[in-house]
């Protein structure tokens, strides 16, 4: 009967599947010959391996180690809530209540889990390293970038505090970095 089954498998599925069938049947056959075995090695391997959901939970816990004090201080300055962006888009930034310092950022077609990253410029930067998403929060606006694809997903996003700062910049503009209107600088050249 076993030979007939092998023949049918070869006819229906081709040589590759028949090799797999032959290996599987010889594997179970050799397990049956060993005395003292109460169950197959497949069952014992399944009992030894942790479930996939347990492995995923462990990986998330390992990746979410407690943040350093510097990162926690960055997290305190992140604007949360509904942030309108340019072209009618918007994002929702919420703090993760279970893990201090982490945030959930959601918009149309995307959802990221962000963590603060220190910068040398003073800009607030949040990253989802796995997805390649970066949230930059400046004094007058915020933007979301997809580093993997090299494009902006949201720009000109603004919390009410950022809108107030941007309006103040219009009334009281900061000094120019390169001031060419000073005649003293042109004489020194």
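The values are calculated or read from the model by the stated rules, or taken from the named source; none is laboratory data. Worth saying up front: this structure is predicted, and the values here are computed from it rather than measured. Reconstructed Cβ throughout: ideal geometry from the backbone, glycine too, with neighbour counts over all protein chains shown.
What the table shows:
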item: Search result, residues across the stretch 134-147 that are in contact with a strand residue (DSSP E or B) (Cβ under 7 Å, 6 or more places away or on another chain) and under 27 Å from residue 164 (Cβ atoms); result: 134, 135, 136, 137, 141, 142, 143, 144, 145
item: Qualifying residue in the stretch 112-128 (condition: surrounded by fewer than 12 Cβ atoms within 10 Å (Cβ to Cβ) and farther than 20 Å from residue 77 by Cα); result: no
item: Failed criterion for residue 130 (all others in (1) over 18 Å from residue 67 (Cα atoms); (2) part of a loop (DSSP other than H, G, I, E, B) hold); result: (1)
item: Residue list for the stretch 141-160, filter: modelled with pLDDT of 95 or more and either over 22 Å from residue 115 (Cβ atoms) or part of a loop (DSSP other than H, G, I, E, B) (or both); result: 141, 156, 158, 159, 160
item: Scan of the stretch 88-111 for residues that are closer than 14 Å to residue 144 by Cα and surrounded by fewer than 13 Cβ atoms within 10 Å (Cβ to Cβ), ordered by number; result: 108, 109, 111
item: Selection status of residue 75, part of a loop (DSSP other than H, G, I, E, B), touching a strand residue (DSSP E or B) at 6+ places or on another chain (Cβ under 7 Å) and either in the same structural domain as residue 148 (by TED's automatic domain parsing) or over 13 Å from residue 153 (Cα atoms) (or both); result: no
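To keep it simple, each residue is scored yes or no on (1) in the same structural domain as residue 156 (by TED's automatic domain parsing); (2) under 17 Å from residue 161 (Cβ atoms); (3) at pLDDT below 90; (4) in a loop (DSSP other than H, G, I, E, B).
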position	(1), (2), (3), (4)
47	no, no, yes, no
50	no, no, yes, yes
53	no, no, yes, no
65	no, no, yes, yes
92	yes, yes, no, no
100	yes, no, no, yes
105	yes, no, no, no
113	yes, no, no, no
